[in-house]
Every structure is written in C-alpha cells, then in structure tokens.
Amino acid sequence: MTPLQNKVAELFENGTISLMIGYKNAINKLAVPCFIDHATQVEQLIYTPECKGNLSVYLHKAEIKQAKKIGILANIATLRSLVQLTSENQLSDIEKTVITINAQNEVLVFDNMEKVEEYVQANFPEYTEEDKKLLEQLNSMTRAERWQYWSEQFAACVKCYACRAVCPMCYCSSCTVECNQPQWIKVSSETTGNLEWHTMRAMHLAGRCINCGECGRICPVGIPVHLLTAQMNLDIEKEFGSKTGFSCNSGYALNTFKPEDKEQFIK
Amino acid sequence: MSEQFEPKIVAFVCNWCTYAGADLAGTSRTKYATNVSIIRFPCTGRIDFMLLMKAFENGADGIIVSGCHPNDCHYTSGNFHARRRWIVFRSLLDFMGFDTDRITFSWVSAAEGAKWAGLVDETTQRIREKGAFTDFKKLDCSTFEKISHDAITE
Amino acid sequence: MRIGFYPGCSLEGSSKEYSDSLFAVAEKCGIMLEEIKDWSCCGASAAHNLNHDLALALPARTLALAEKQGFEEVVIPCAACYSRIAGTKQEISNNVATRKKIERYIDLTLEADIKILTVFEFLQKYIFPVADGHIVNKLNQKTACYYGCLYSRPKETAALEQIENPMEMDKVMVKAGATPIDWAFKTECCGAGFTMSRTDIVAKLSGKIIEDAADRGAESIIVACPMCHVNLDMRRPEIKKQLNKEINLPVLFITQALGLSMGIPADQLGLNKHYVPTDKVVTCIVKKEA
Amino acid sequence: MHEIIPQHPAGTLKSQMEEATGVIVSHCYQCGKCTAGCPLNEEMDVRPNQILRMLQLELPGYEDKILSSLSIWLCLACDTCYSRCPQEVKLSQVMDFLRQESIRQHKVNPKAKDILSFHKAFLDSIKLNGKLHEVGLTIDYKLRSLNLMQDVLLAPSMMAKGKLAIFPHQVQNTKEIAKIFKRISEGTKE
Amino acid sequence: MARIGVFICHCGENISATVDVAKVAEKAGKLSGVAYSVDYKYMCSDPGQTLIIDAIKEHKLTGIVVASCSPRMHEGTFRKAAEKAGINPYFCEMANIREQVSWVHPKSDATTQKALDIVRTMVEKVKKNTALTPIKVPITKTALVIGGGIAGIQAALDIANAGHSVIMVEKKPSIGGHMSQLSETFPTLDCSQCILTPRMVEVAQHPNITLYTYAEVEKVTGFVGNFEVTIRMKAKSVDHSKCTGCGTCWQKCPSKKIPDEFNEGMGFRTAIYSPFPQAVPNKPVIDRDHCNYFQKGKCGVCQKICPAGAIDYEVQDEFLDVKVGAIITATGFDLKHADFFPEYGYGQFKDVIDGMMFERLASASGPTAGEIRRPSDGKIPEKIVFVACAGSRDKAKGIEYCSKICCMYTAKHAMLYKHKKHDGDAYVFYMDIRAAGKDYDEFVRRAIEEDDVHYIRGRVSRIYEKNGKLIVKGVDTLMNGDPVEIEADMVVLATAVIANQDAETVAQRMHISYNKHHFFAEAHPKLRPVETNTAGIMLAGACQGAKDIPETVSQASASASKAIGLFSSNEMTREPIVAVVNRQAPPNFTSCTGCMLCMEVCPYHAIEREEMKDRTGNLIKVAVKVNAGLCQGCGTCVAMCRNKSIDLQGFSNDQMLSEVMALLNS
C-alpha cells in the first residue's frame, strides 16, 4: 500500500470521510477518476503525473453532494479551483477533506480551506512552457492573423460542450447556451455560433478560470480553448492585479472596480 | 461616382447621460449622420457584452457604447463596472483578432449634445473608411468551404 | 554626463562677461560645459517679426546639432535664446507636420526631446549641491533681482514658478549672501530688441525699472539676460536724460554676483567691462563667517 | 529681404490671421487687460485691444488701419498681454502675423522704418555669418536707417571693453544658413 | 398573438418636416404583429390621446408604440393613455423620432428609413413587454437639511412649519452661513444680521427641527422616502446640555491669537470659542487644532473655571444614524481668495482684499466696528479701487462662468464706502454690469449718480505696491484704450464664487451629479431646477451655482415644497423597473446558483441571500433575491449574471435582444 492509500484508508476508518474522489489506472497508463466509499477499495487509488483531471468538477454533482463527508485528491489546479469555488460560495454546504501530494511525495491532508489557501499561495503554479509559447506566438501575430487562427480553430468546434463539462467553474445548473428565451447562442455548430459560444465562455471565465487547462486538454477536436481564458487572466492580473484561485475571499475582478481603472480607449 | 458605403451602427447608451445628451443634440438641432440608431439602457452597467456580439452577428458594421462620465453615474457605479467589463471584453476580442476599432467607447454626459453629434460623425466616418463588417459572414462561408473542401479531399 | 552649452551671439559679443563668469563659476565647482559645435543664431528678436518658419528653423538647427552631438541637456544662459529655443522645441514636438517641414528646411532630423536648462535650472541642479564649499564671501548688499520678460512669458515656456513674482534668482542671491529686495518691476519689459532702433523707448522702460530698484534701496541690479543687461547698463546716458537724474546703480549678471561670492576676482568675472562702475558692489563684500 | 515674407491664402485679414496663427479673435471680449498691461500702450496709435476689435468687426478701412499702424511695430513681444489674458488670446502671435502682412502689402508705417531696418539688418547678419555680428549689424542698420551718428560714441568703448569684435564669428559652413533662408523663401512662395 | 398599434406623431411639423410620416405609418402597418398604424398631427394633444385610446379599444390592441418625441418627455403621458384604454401602461413604448431623428437629420429617405427602423425596433420590444405593477414604498416623513446657511434655514423652517420633522446638520459651530457675515444687503441696504438672526433663533426653537451643529453627513444610503444617513457629530469638547453659554471660558482661554474665520482672518479668536455674538447655538466648542491642552497636553483653564462643569476633553466624535425621507442639500459656496491672483500680488499685499473681507470691515459687528479701515495699518483709505470679475469669466484661470453676485455687491461696497467716507474716491473697474434683478439696475445707477462712484470699463492688468500705495494699472476701453493708473489705498477684488472645497466628496457621498466646477447638478436646468437626478434629494442655494439671497431663499422654499409634496402621502409609488431573480419549479427553485457575485455590484445593496428549505427545514439551495424597495433598476447585476438568472423588468434580456435584432434586420 502506498502512503496515499494508507492515509485514505485511515480517513475512512476514523470516519473523517465517507466518499473519496481520486484517480485510478486506465488503459494506456491513463488515469481516470474513481469514487470509493470504503476503506477496502483504497488499493485502486493512484497518484501519477498522468493524474491531471480536475476532480473538483464532481463536487457540483448532486449524487456526490449527497455523501456527507467527501475526501478529494487534489493536484495544484484542483486546489486552486477549490479556493476559487469557496470564494464563489459554492462549497459552503460540503464537508470536505482535501488530500494532496507535495513535491517531496508527502501526503498532506487539509481539513479546512485556510490551510488549502495557504498551501496554494506557497505553491502557486506558473503557466506551462507550452502554453507560454503558444500565447507568445498568438500575441506576436497581427490581428488579422489571430482572427484567421481562431476562425479556423472555431470552425472545427462541434459544440459538444466537453470544455464546459470538465470546467470546475462552469457549475451553473442551467447555462446561457441552453437559454432559448431569448436564444442567445445558435444551437447548431456553425461558426458564428461557435465564436459566440467561445467568446461567452471566455468572458464568463475571465478572472475566474484557474488555469487547469482541462478544457483545452479534453477538446475532442483539439481547439486550445484554454488559451483564451489563460490570456484573459494575464490581462486581468496586469490590469487589476487580481489572481484567480489564490484566496478564498479575494473577490472577482469583474464585480468590483477602481475609480482609476484605465480608460484611454474611452472617448 | 460609386455610391458611398453607409454603415449600420448601433449605439448602446445609458438613459441618464448619453441618451439625454443625444436628446440635447436634438433640441439644439445639431446635425449628424443618420447611420447610428440608439438602443436605450437604464445604465451602461446593464449592457451585456453578448448584445454587442449579437449586433455584429446581425449585420452591424460598428457599435457605439456610451454612458455617464466616471463619478456621474446615476446609479453611482454602473459605469465603473461597465468600464472594467469593457477593458476585459476588448482585450478578449483583440486576442481573438477581432477589430476592436469597430466599437467606440465613450462618456457623453447629458450636457454634451455636441460631443454626441461629433462622436456619431467621427464613428460613422471611421466605419465608412473600414467598410462593411464581413468577418462574421466570411467566417460562415469559410467554414462551409472548409467543410466542403474536406469532404472532397477525403 | 556631458552638459551642452549654447552661448548665443550676445555671449560672444556684447555680453562676453556673462559667459566668462558662468564658466568661471562652473570651473570653480568642477562642472564642465561643452559648447555645441557649429551652433548658429536663434533668430532672437528679429526673425519672428518677419517669418514664423524662419523663427523655428534657426533654433531647430541648433537643437538638431545638439542632438546629433549626443547631448541630453543644454544650458542656455541667454534669456532670448532660451525663449526662442524652448518655444521652438515645444512647437515642433507638439506638431509632427511642423517638425517635418522644419526638418526639410534645415536638412537635419530632430526629435526635440533634449532638455533645455535655463541658467537658474543649471545653477540649481549643478552648482547648488556643491556651492556651499566654494562660497567664501557675503555680497552683503541689497540687490534687485530683475527677470525681464523672456523667462516669465509666454506661459508655455515660462521657466519660473511664480511668473508675476519669481523667486528663482532671489534664492541664488540669498545663497551669495545678498539681501534681495521685494520690488515691483521684476518682470516688466526693459525695451528688449529696441536697444538700437528705438532707444527712446528703451530709456523710458529701463528707466522705470532702475528708478524703482533705486527707490527701494537696491545697491545693485542682478540680471540673467544679455539684452536686459545692455539696456540697463549701456543705455544710462539716455536713461539719465529720460529720468532727469543720474542713478549709478550697477547691473550684474547673476553668475558675476555668484562668482564674487566664491571669491573669483572681479576682472575674471568681467566686471571691468561694465559701463556703470561696479566698485561699490565689490567694496560691500565681506568674508563669510565660518 | 522681402522674399522671406510668407504668402497667405486669399481671404480677409482676420481669416488669414486665424488660419496662420490658430488664434480666434472672437474669443476676445474686449476687457482691455492687454492694453492695461502693455508697456508701450501710451506710445501706440492703435491699442492692442482695438486691433483685436477691428479684426473682430472687419469694417471697411480697418484692415488698412491695422496694417499701417505703428503699434504692430512697437509691440515688443514681451507677452505680458497674453500671460494675463483671461481668454488666452495669443496677441503676440497676432502681432507677428500683422507685421509680416504689413511688409507684404507694403503698408509699413513710415515711423516704423528704423525698427524694420534693424530687424532686416539683424537677419542679414545671420544669413551671412550664421551668427549675429554686432559691428556688422550696427553698420548695416545705420546704412539702412541713415541714423549714421547714433551710438558712434559707444562703439570705441565697446571695443575697448572687448564687447565688440571687428571680425565676425561665423558658423563653420555659412552656406548652410544661407540655404535655410533660401529653402524658406522658396517654401513661402509655394 | 400580439396586436400592436403604431402611432406616428407629426409634432406639428417638427417631425413631418424631415420624416415622411405617412410612409412610416404605412410601412409600420405591414410589420408582423402590427394591427393598426396611423399618423397624426399632435399625439400628445387631447384629441391625439383620444385617438390612441379609441384605437386600443376598437382594434383590441395589446400594446402600442408611439413614435414621437423622447420618452424622457412624454412616456408618462402615453402610458397613462394606455392605462385609460384598459391595457397595462407598460405595454406602451415610445420611438424617439424627434430628438434623435427629425431634429438631427435633414429631410431624406435615410431619415425616414431611420425613423422606420426605430419604430420597428420598438414594436419588437413591446411584443416582449410584460404587465408590470408600480411598487409602493413607505415614506419617512422627516427631512434632512444639510447646511445651516440662509438656504438651509429657509428650507428647514418651511418644512417644519408644514408640520414635518426636520434634522438640520451644520458643519460649523453655528448656523447662519455666509449671510451672517454680510454687512448690509443689496438692493435695500438693510442689515443682514437684523433680518437673519430672528430666523436662526426660530430654527433653534422650532419644535419640529432638530439641530446638529459641528456635525457632518458621513454616509447616505437608501432611496427616496427611505434614506439612511449617518451623521458624524464632531467632538465639541463642551457638553452643550450643561453649558449655559456664559462665556467665562472664552474670556479666560490663553490661546488668543487664532485668526478668526468669521472675520475673514482680520481679527482673533480663542481656542474655545463661539464664532460670533449672535451664534446659534451660542455655546462654545474647542478648536482642538489650536488648543494648548490638545496640542501640548497642558492648560485645562477652561475646565477649571467652567461654572457648569461642561468641559469634557475626553469626548470623541460620535456617529448618529437617522432615517429620513428627503434630503435638502444646502451646503453653500466659497469665495476665491486674493492669493489666487499672480498679477495682483499673490495675496502678499495686505490691502488687496476680497469682497467678504470688505463685508466684515463694513459690518458694525466686524473687527473695525464698521469703520472701513485698511488691514495693513488701520488707516481709513482715501481712495479705494474695486475690481469686478476678479477670477470670474476668466478662462485662463479655469473659471469661465459669471459669479452673478459681484456686480451688485461691488456697487453696494462702493456705496457703503462713500456713505462712510464722503470725500473718499471709489473706482470700479468692470467689464459689464449685470444687474438684472428687481430694483438692481436702479441700485447701480444710484451708486454712480448719487454716490459718485467712478465706473471704469476695463480690466486691471496689474497691482503693485509702492510707498504704501497700491498702484493699480488698468485701462479705460471707453477712452480709446487709454491707460489708467490709480494710486489706491485699498483694493477690493470681487473674487469668484466657487464650490465648496469638499463639494465633490459631498456629491459622491450622496450620489448626485455635479458640473466640472463642482456645483451640484439639477435634474433639469429649466423644468426641475431644485431636484437632483437622485429622487428625494433637492438642492437649495449656492451649492448649485452662484446665487444672491433672494434667489437662494426662493430656491430653498421651492425645494422645501418638493419635500412637503413628497411627505403629503404615506407611501409613494415607484416605477416597477426593478431586477428580479427567476423562479423555477422545485427542486431547482431558480436557475440562480448562488455565486453571489452580483451582490457586490449592486450599488443599493438590494440583492439579498435567499435560502430554500424543504418542509423539514433542511437547506436545499442557496440563491439570491432582489429587494424591490431598494432596487433602482440599473441592471448592472443583469449583465453580471452568467446564466441570466436575474433580469430587469422593462429592460429584460428578451426585450433588449429583440431590439437589437429588429433594428438590424429590416
């Protein structure tokens, strides 16, 4: 048994948790989520570099919420989403225990969000090299080239909404895209509709996205949608100085303001 | 002489400052271009960015968004919130390669009828020079072409 | 850093003592000034009367040369040159079309971003920090600091904080151990460019200035402009006729007065070049108490 | 020297002036503060505020009256008027323009000939040397103005005091300066 | 199925001159859902309204669009008409084809097309309209009057005399304001204090008025009829309930050299002081910035000698929360001081004074007991120069407006001087004489004709001092621009009336708008001159712009009448333009996910947390709801809400999107 498995077994046994959300092995060495409700099942649990999925997304599911005491295995992105979700009043009714494994391979257990917040702030992640490179490329393009790039990308979108499904911040019980009175976004996957969907998604996540990159990773047609919100977060941090998933009561860049916000673009 | 392109421009304005400013331009009989039509909102804070997207999708060539000057908002802070939203929205559009020059953001107070008229003329002229907004239309065509092209090559 | 120096025509001729004394003071304090090579006249009081472009092109040439020679700052001790050059710099940097036009006229390119220092700014920035160690004398007299027009007007190029009652020169004089008086003609016009063509006007305007300074007990007048100096110093016979009385109030350049406080010999400062004898100024001086 | 006076587009004196200087005469509300502060108001035949008044009204005869006034030549460009003007009318620029126009239209007031001679002599000196040569200027001015005896007593003493140099200081390449004059005089004809 | 009626107004020829109204009516009639379309000369006239009412009834219209002037003009009119015809008034919309079409465009096809576009847009909007009912809110029948000058006093007395309670807040230790400083008042020359002090006393004694002096408004929240105001009661250090105002303390106070604000610095007061003999309340406060006890920790004389034991050094600022229904802002003005003028000596000449200083010199209660003596040496000036428009109408100094009162008070000053010093010379430099009130021009003529005041038309360029005289360099523009130089003994500058230094803060605290000079903005320059854009907040006096006493008093009474009008019923109806959170069947209850990010954007704190519980009291869901009483309908929350759970009645998502689509798709 790994230290992680030992720890989780212990948590089950002393009654701290009644449901554990973690990862287990799948074919091709991939990691998939697993849900275990008894100490006897802990041997499935793994924690490898492949464990990228953001498990906090499951905390919104009614079935999960029914469990009284939830344990969740969290990588750094998941920890950030927990912090952000807390700041958005989404976790107040869930009794949770957060487990993570640090760089020294030690298993850490947090029983409250203050500790999670502290850990996140001490281990705040940077953008991946790959994302940095992509963003740089896009930003060095001319406007027309960028338009061309995104047009081609969005043309491929099939509106499967996988990006939404994996996003821990997309927790609305009904989404604007499903709103038909009025119909904000065309249902069919034609390109203006696709563009609107992605614009709206990016706007709704700007200043809230915690850069886990799941949306881009999951996209079946390979659109790097996560870059939109990644860029927005950079712009927002530069402009307003706020970071996402950093503090449980940091607020949201777009529901506050400063009288001195820049306005050179306003005539 | 070829006929001059006349753009369609939608103005999203707040009721208290810019709408009143536009009314003042009227009472002062200040003349300006016919290209701009106003949609009245209670406050710039109410203006949803999706409405701007829908306007472009439905054939607008340009957009004016205008409200009260900072600190003058009838509702104290709607324009400040709007300003933040525009900052982010503009930077998103720019990152997606959208021509943000097609959107004029402005503060026009209830006393600035002349400024309103000037803003309309200036925006109309700018959009006229840019020509019709076709990015969205092209988008649909190119998709269609791409799909048919893919279909043929496969 | 290299500090550029633009003497202007007067400092090579009728007001040589101004430049001599400036260099003497700078040297005393270990500050190097480097003359802009191949500078030309700024057009002064004449060009703007006849052609606006010419009035811009002449100073622009000098600015362009200074930029080319790599100066970031240029000291312009003459008030007229300062006013013309600062005005040109401003007009050119505010208007691209004008800049292009002038660049064509002078066949040189320019950025117009060079920093122009008046004599006050120069003293404040470079001499003041080290002056205390060099000031050995107290001028020990009442001085009337006379600023004239070109430092205070127009407002776009004004180099003074309070344009109607400037204090920049007064501060220098306090440093030199003099007592600057409060008087009414600090920024009134002396007659400027009419020194040759309408001496009657110069006598009238300069006469009022000298009279007010004398009435209020000044023992010397301090200036920072060659044109003012010429009018106040050289035109005394005409002034005497105008006022119907003789006032023997010596007129010193600010750098001469400061030089005296640093113990630089009067001849080296060019005090012997004045029309109104400066002996009284020198006899007032006492050693500074340690 | 006449060739260096710029040409102005057709129009009334006011419209030409406004176009050339950017000054708008209707801004003046005739408070008279310019005249009140002018060091030479007593000498002037037409007061500064009156010049603006005449430009505002544009009645027949006013243009001639302005252009042939002595006032425009008496203005010292000391900018006292502008620095105190509540309406920020840049009178010194108006005066600059009017002087140029007065020369161009050959309407210079006879009493101003000395002043004009001096300006011309001054510029000639620059054109020739790149810098002002005070002896040259003085001689030139005396010849132009025929005030041959003025200041003859000053010159020897000035030289003795090292204040006058007999030979002019010159910029290295005096042709360059002459070229600037030439380009501008060509430019003004365009 | 919608049956919309479209009514195109000619507005005489205001619209029909450039818009082909018949064509618009014809084309509008063909729009989907339009059951009736007509054009008419004057829709807002009685026959016009009757036409609308009849059409609604006859054609069984479900909604109407009136294409005429701005909705800011006649929306109310036509909504009432719709209501009369039996449909919900919120099924009436206006298409603004006058202010925004016919008046700003020439007669052309494009103009007509634009009018039609706007009509079509509004037709689509009205199809999406829903029936709304006005909201009733209770009214707190207490008025807050901010400022105890003549404006505040008048407004407070009017409201109190109408039987309502008034709370008056004055930041200084006494009410009275600038008027209490004046000597005599134009154009009648009656003594200012003689007419003012009885009213000050009346305020203090009025059973309906609660007076808080030495207090400031700290915070204003809420809305018309229901404001909540926090008042900061600055520490007076004197318990006014014990103090008898005997004056022993200020006679004994050792800090005697504090410049006296009431006398414009031309006299001294003590650290514990009552600003002037007729002060209301006439009880002292301690100016802690100048008190030895507070600055150096020792003294305590006043405490020792106070026979009533009223001195309390420990007391701190206190905060008082009050509920009021209306607010009258009467915060007054300030005057530019003489040090504002470089060309007049930067204030360094003691005998160059401003108008308010002259008032004190001329006042019998002033530092010279009414003898006009110059501040420098106390001599009676032989020659006084008055400079009008000193700082006013001066674009270069940033004040381009006319201060309105200076022409009159300058004439008064010159007159008062001549009455007291018959052989003295008074000169007035002026640009224009603006004396357009009742008996005003006669007053100025009297100064010139009977009192021999010399009026010189021209501005003063410079003032300097020489040999104890002030040399005033001016000009007489009526004498060919001849220079005028006067050697004066004293110069009085009629300096500009400016907004109070803290006007901007006050305005922002109350959420009212102001112009670039920080004068508060009225809701409409002609038709609503005493109200602000924020309902329930009125303006009185010079905080809105320079005003003389009669005008100030009229405006104060006008704003009082607005408050009294508001208090005339127990509740008021408000436009139902408020936000609502959608409702769905359980277990969802609403699509709101309770992220509460909207709560923070609401300027009115109108969004509240709502908990959904099941029958046994278990929490099922947390969401938000809107307090309709507080909501003012800005809709900022609507644009914030990601999944459109909150919407704004009257400007709903459905309506706005329909407008956009209709405008662009002809």
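Rule-based calculations on the coordinates, nothing more; no lab input. Quantities reported herein were computed from a predicted structural model and do not represent experimental measurements. When we count neighbours, we look across all protein chains shown, and the Cβ atoms used for this are built from the backbone with ideal geometry, even at glycine.
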Check your understanding: Separation of the range C:146-225 and the range D:101-138 by C-alpha centroid, Å?
Key -> 27
Check your understanding: Where is the GNM fluctuation largest for chain A (alpha-carbon springs, 10 angstrom cutoff): A:VAL42, A:VAL158, A:VAL116?
Key -> A:VAL158
Study note, to complete from the structure: Note on the protein assembly as shown: alpha-carbon gyration tensor, axes a ≥ b ≥ c; rule is a/c under 1.5 for rounded, else prolate if a/b larger than b/c, else oblate; result prolate
Practice item. List every residue whose amide H lies under 5 Å from the amide H of E:ILE537, counting only residues 5 or more places away in sequence or on a different chain, with H placed 1.01 Å from N in the peptide plane. Key: E:ILE327, E:THR532
Point to revise | Relative contact order (%) - the range D:3-138, alpha-carbon pairs under 8 angstrom, separation at least six | key: 25
Point to revise | Members of E:LYS336/E:LYS438; E:LYS336/E:LYS526; C:LYS245/E:LYS473; C:LYS171/E:LYS172 lying beyond 31 Å, as alpha-carbon distances in this model show | key: C:LYS171/E:LYS172
Exercise for review: Decide, for the range A:3-122, between rounded, prolate and oblate: order the square roots of the alpha carbon gyration tensor eigenvalues as a ≥ b ≥ c, take rounded if a/c falls under 1.5, and otherwise choose prolate if a/b is larger than b/c, else oblate.
Suggested key: rounded
Revision key, fill the gap. Taking Cα atoms only, helix A:226-240 is inclined relative to the longest principal axis of chain A by an angle, in degrees rounded to 10, of 80
Practice item. Would you give the gap between the C-alpha center of the range E:411-444 and the C-alpha center of the range C:19-88, rounded to a whole Å? Key: 53
Revision key, fill the gap. Within 10 Å of the Cβ of an average residue in D:111-122, the count of other chain Cβ atoms is 5
Study note, to complete from the structure: Given A:98-108, A:199-209, the highest-first ranking by average Cβ count within 10 Å works out to A:199-209, A:98-108
Exercise for review: Calculate the mean, over all residues of peptide C:143-152, of how many other protein chain Cβ atoms lie within 10 angstrom of the residue's Cβ.
Suggested key: 2
Check your understanding: With springs only between Cα atoms under 10 Å, which of C:TYR126, C:TYR146, C:TYR82 fluctuates most in a Gaussian network model of chain C?
Key -> C:TYR126
Review point. So what J values fall out for the range E:169-186 if you push phi through Karplus, 6.51 cos²θ - 1.76 cosθ + 1.60 with θ = phi - 60°, rounded to Hz, Gly and Pro as x?
Key: 10, 10, 7, 8, x, 9, 7, x, x, 5, 4, 5, 8, 6, 7, 10, 10, 7
**Study point:** Residue-count net charge about E:MET661 - beta-carbon cut-off 15 Å; Lys, Arg +1, Asp, Glu -1
**Key:** 0
Point to revise | trypsin sites (Lys or Arg not before Pro) within the range E:583-618: DSSP coil, no more than 16 neighbouring Cβ in 10 Å | key: E:ARG583, E:ARG615
Review point. Between the DSSP loop rule and a limit of at most 13 other Cβ atoms within 10 Å, which GluC sites (Glu not before Pro) in the range E:1-99 are left?
Key: E:GLU13
**Study point:** Proportion of all alpha-carbon pairs of the range C:181-245 beyond 18 Å (%)
**Key:** 28
Exercise for review: List every residue whose amide H lies under 5 Å from the amide H of E:LEU335, counting only residues 5 or more places away in sequence or on a different chain, with H placed 1.01 Å from N in the peptide plane.
Suggested key: E:ILE498
Check your understanding: Of all the C-alpha pairs in chain E, what % are more than 41 Å from each other?
Key -> 46
Check your understanding: Do any trypsin sites (Lys or Arg not before Pro) in the range B:2-38 lie in a DSSP loop with no more than 14 other beta carbon atoms within 10 Å, and if so, which?
Key -> B:ARG29, B:LYS31
Review point. Once phi is turned into ³J(HN,Hα) by the Karplus curve 6.51 cos²θ - 1.76 cosθ + 1.60 with θ = phi - 60°, what whole-Hz value does each residue of the range E:362-376 show in order, with x for glycine and proline?
Key: 7, 7, 4, 8, x, x, 10, 6, x, 8, 7, 10, 7, x, 5
Exercise for review: For chain A, build the charge dipole from Cβ charges (+1 Lys, Arg; -1 Asp, Glu) around the Cα centre, then report which of A:SER242, A:TYR171, A:LEU108 sits farthest towards its positive end.
Suggested key: A:TYR171
Review point. Whole-Hz Karplus ³J(HN,Hα) for the range E:415-432, in order, using 6.51 cos²θ - 1.76 cosθ + 1.60 and θ = phi - 60°, x for Gly and Pro?
Key: 5, 4, 4, 5, 5, 8, 10, 5, 8, x, 10, 10, 10, 10, 8, 9, 9, 9
Practice item. Would you grab the residues whose amide H sits under 5 Å from the one on E:VAL484? Only those 5+ places off in sequence or on another chain, please, with H modelled 1.01 Å from N. Key: E:GLY474, E:VAL475, E:ASP476
Practice item. Using only Cα atoms, locate the centre of the range D:45-68 and the centre of the range E:448-473, then give the distance between them in Å, rounded to an integer. Key: 28
Point to revise | Gyration tensor verdict on chain A (Cα atoms; rounded if a/c is under 1.5, prolate if a/b is larger than b/c, oblate otherwise) | key: prolate
Study note, to complete from the structure: For chain E, the longest principal axis of the Cα atoms and the Cα long axis of helix E:549-566 enclose an angle in degrees, to the nearest 10, of 40
Review point. To the nearest 10 degrees, how steep is helix E:71-84 against the longest Cα principal axis of chain E, on a 0 to 90 scale?
Key: 50
Revision key, fill the gap. Partner shielding of D:82-95, taken as the mean number of other chain Cβ atoms within 10 Å, equals 5
